[in-house]
Amino acid sequence: MRGKGVEATVIVAKCCKTGKLYDNRVEKKSDGKWHFTWSFKLNQDIIKKEGYDKSTIVGAMVNDDSYKGCPYCGNSDWLHCDVCGKMNCYDGERKNQVCGWCNTYLYVYETEHYKLKGGEF
Ligand SMILES: [Zn+2]
Ligand SMILES: [Zn+2]
């Protein structure tokens with residue numbers, strides 16, 4: 001059941017293929033992890049109005065079954081950048097990828113713990 005104290009926010013990610021931005025709804029569930037529940041094409045006005053562009057979440061993060069990934073290119077997973085802390089879409093298979101935000105060359109490694117920034121765009 002969803003109680004009143006649901007901790008949820010929106011993290012902005014960049015599509016690595018189109019360069020477009022999209023929102024990801026993240027919710028902290030009873031297991032203590034941040035669950036990515038759904039993603040949608042960016043509405044920049046709402047993001048700025050709600051202050052989501054300044055949100056940062058820390059901890060274990062997992063994708064729920066309802067999470068469909070990037071709404072532009074269909075990549076089902078995402079990649080966190082160690083350098084700028086932001087989120088890129090990711091196909092789940094590549095061993096490396098360039099961050100769409102800061103152009104850092106990233107090596108993909110398996111972890112569940114991240115610090116993600118919402119993205120000041
Ligand atoms: Zn994409
Ligand atoms: Zn980066």
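Where a number appears in this text, it was derived from the coordinates with a stated rule and is not lab data. In this text the structure is predicted, and so the values were computed from the model without any measurement. Quick reminder, even Gly has a Cβ in these numbers, built from the backbone with ideal geometry, and neighbours come from all protein chains shown.
Summary table below
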{"quantity": "Global form of region 7-117, assessed from the alpha-carbon gyration tensor, a/c cut-off 1.5", "calculated": "rounded"}
{"quantity": "Percent RCO, i.e. relative contact order, over the chain, from Cα pairs under 8 Å lying at least 6 residues apart", "calculated": "27 percent"}
{"quantity": "Expected 222 nm ellipticity per residue - DSSP helices of 4 or more, -39500 (n - 2.57), all of the chain, to 500", "calculated": "-1500 deg cm²/dmol"}
{"quantity": "Highest average packing first - 10-16, 69-75, Cβ atoms within 10 Å", "calculated": "10-16, 69-75"}
{"quantity": "FRET E, pair D82, W38, Förster distance 35 Å, beta-carbon r, rounded to 0.05", "calculated": "0.85"}
{"quantity": "Footprinting exposure proxy for W38, W101 (fewest neighbouring C-beta atoms within 10 Å first)", "calculated": "W38, W101"}
{"quantity": "Extension gain from Y105 to T56, taking 0.36 nm per residue of separation minus the Cα-Cα distance", "calculated": "15.4 nm"}
